[in-house]
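The values are calculated or read from the model by the stated rules, or taken from the named source; none is laboratory data. Because the structure is predicted, anything quoted here is derived from the model rather than measured. Note that we place each Cβ from the backbone using ideal geometry, even for glycine, and neighbour counts take in every protein chain shown. Note: areas computed on protein heavy atoms with side chains; ligands, DNA, RNA excluded. Shrake-Rupley method; radii C 1.70, N 1.55, O 1.52, S 1.80 Å.
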Amino acid sequence: MKKKRNVKEKLIESAIELFSKRWYDTVSVAEICRNAELSNGVFYNYFKNKQELFEFLLKDLLDVFEKEFYQFYGNTVEEKLKSFFNIVFEAAIKYKPLVTIFREGQYRFPKYEKKLRNIYIDILGKIFDRKINEVDYIYIIGGLRFLGIMSSYGWINLEEKIFYDMIFNGIFEEKVKENLFNLNIRDCEELEKTTKQVLIEAGIELFSKKGFHKVKIFEITNYVNLAVGTFYIYFSSKEEFLREIVKQISRKTRFFISRNIPEHLNRLEKEIVGIYLFLEFFSKNRNYYEIIREAEFVVNDEVKKYYEDFKKGYLENLENIKNNNKEMTAMFLMGVSHYTGIEYLFENTIKNKEDFLIKLSEYLSFGILK
């Protein structure tokens with residue numbers, strides 16, 4: 001029994017190492033076995049295929065989280081939340097490889113994201129001793145998860161006191177004063193239909209339908225009646241092609257939001273309208289959001305730049321905020337938008353985005369302990 005258990009552990013350790021460094025589709029059973037210095041046949045004594053092993057890792061992380069996250073303590077809501085936040089931030093670092101795997105897992109196998117969401121909501125319900133609504137979940141957990149992950153990757157220096165202040169006291173000095181959603185929305189300007197642009201649009205459509213890994217270059221060129229050689233005039237590889245798509249989606253998103261936010265609004269109102277426009281844009285272009293989520297595991301450097309460009313825009317325009325750490329504030333707000341997008345576009349948990357955003361504006365003004 002001991003020998004079998006050790007073999008299984010070797011397979012699991014090998015899988016964690018490989019899946020945390022590369023995306024799911026590029027890792028094979030043979031490679032997992034080779035990395036573990038085991039024969040291929042041994043694998044099937046423990047797992048029927050790669051997917052079963054991958055899902056085993058997702059379940060394992062959820063089991064760990066469920067055991068550790070409930071260890072919060074304290075006498076007041078604030079004390080309990082601080083304890084819980086520390087546990088989550090520490091887990092993001094302690095289990096970084098598995099957290100990285102889970103980020104892809106939540107995209108490929110959404111049922112595990114739903115299970116994690118339920119754990120978070122149950123914990124918040126116990127802390128607040130009341131039913132948790134969607135705004136509670138997004139404001140508290142969206143910022144928490146995003147900052148925890150980004151700090152574990154070294155993309156931001158986490159100051160826990162600043163995070164507590166944003167959660168408990170809000171971010172903006174202002175309040176929402178008027179009806180924000182009666183907008184005359186202008187679409188993005190159409191890009192010139194050059195051969196390069198035709199290829200990019202074909203790639204967007206095919207990647208969103210089949211996924212990056214399953215689409216071959218000849219399929220992209222065939223889709224628009226071009227020769228394969230034409231592709232290589234503009235792009236050296238499929239990965240470079242995806243990078244260009246991510247850059248274009250980033251530019252289009254930021255342009256759409258910036259051109260449609262009325263200038264006379266205060267900074268909080270602009271934030272709320274910005275999230276509204278973010279949801280409008282990706283509702284019309286769901287394929288863009290799916291591509292960005294997959295690209296995070298294929299061309300991580302380009303997706304990091306995607307987030308950096310959004311952060312830069314925030315840093316240039318953040319004003320009338322209650323703390324002096326603009327970088328953390330920007331990342332917190334990006335986390336709120338990111339998880340709002342997931343819940344609204346893919347999970348359908350936000351039924352009325354206008355009502356949701358008005359309630360969110362109250363948290364952004366006053367925090368959760370008003």
In whole Hz, the Karplus estimates of ³J(HN,Hα) for the stretch 94-103 (6.51, -1.76, 1.60; θ = phi - 60°; x where Gly or Pro) are 4, 10, 3, x, 5, 5, 4, 4, 5, 4
Can you tell me, using C-alpha contacts under 8 Å and at least 6 residues apart, the relative contact order of the stretch 268-356 as a whole percent? 32 percent
Give the shape of the stretch 72-126 as rounded, prolate or oblate, defined through the alpha-carbon gyration tensor: a ≥ b ≥ c are the square roots of its eigenvalues, a/c under 1.5 means rounded, and otherwise the shape is prolate if a/b is larger than b/c and oblate if not. oblate
Could you tell me what % of all Cα pairs in the stretch 1-67 have separations over 15 Å? 50 percent
Give, rounded to the nearest 20 debye, the magnitude of the charge dipole that the stretch 135-228 has about its Cα centre when Lys and Arg contribute +1 at Cβ and Asp and Glu contribute -1 at Cβ. 520 debye
Note the full-extension length gain between N45 and N348 as 0.36 nm times their separation in residues minus their Cα-Cα distance, in nm to one decimal. 105.1 nm
Below 8 Å, C-alpha to C-alpha, sequence gap of six or more: please give me the relative contact order for the stretch 1-92 in percent. 20 percent
Take N320, project a point 7 Å from its Cα along the Cβ direction, then tell me which residues of the stretch 159-198 have their backbone nitrogen under 19 Å from it. 166, 169-182
Taking the Cα-to-Cβ direction at R286 and at D122 and moving 7 Å from each Cα, how far apart do the two end points lie in nm? 2.9 nm
Normalising by the residue count of the stretch 9-61, find the relative contact order in percent from Cα pairs under 8 Å and 6+ residues apart. 39 percent
Scalar couplings 3J(HN,Hα) for the stretch 65-71 by Karplus 6.51 cos²θ - 1.76 cosθ + 1.60 (θ = phi - 60°), nearest whole Hz, x for Gly and Pro, are 4, 5, 6, 7, 5, 7, 7
Whole-Hz Karplus couplings 3J(HN,Hα) for the stretch 163-175, θ = phi - 60° and coefficients 6.51, -1.76, 1.60, Gly and Pro as x, run 4, 4, 4, 5, 5, 7, 10, x, 10, 9, 6, 9, 10
Between Q248 and N75, what FRET efficiency comes out of the Förster formula 1/(1 + (r/R0)^6) with R0 = 45 Å and r the beta carbon distance, rounded to 0.05? 0.30
For the chain, alpha-carbon Rg and Dmax in angstrom: 22.1, 71
Report, in whole Å, the centroid distance computed from the Cα atoms of the stretch 163-205 and the stretch 207-241. 28 Å
Output the pairs from K50/K214; K177/K326; K114/K305; K10/K50 with a Cα-Cα distance over 20 Å in this structure; if there are none, say none. K177/K326; K114/K305
Name the residue, out of Y276, Y306, Y223, whose mean-square fluctuation peaks in a Gaussian network model built on the chain with Cα pairs under 10 Å. Y223
With every protein chain left in place, what is the accessible area per residue of the stretch 145-236 in square angstrom, probe 1.4 Å? 55 Å²
Principal axes first, then extents: for the Cα atoms of the stretch 58-196, list largest minus smallest coordinate on each axis, whole Å, largest first. 57, 42, 30
Using just the helices of the chain, give the 222 nm mean residue ellipticity in deg cm²/dmol: DSSP H runs with n ≥ 4 each add -39,500 (n - 2.57), and the total is spread over all residues, rounded to 500. -21500 deg cm²/dmol
Heavy-atom accessible area of V42, protein chains in place, probe 1.4 angstrom, given in Å² to nearest 10, is 40 Å²
For the stretch 100-174, which semi-axes, largest first and in whole Å, follow from the square roots of 5 times the eigenvalues of its Cα gyration tensor? 22, 20, 10
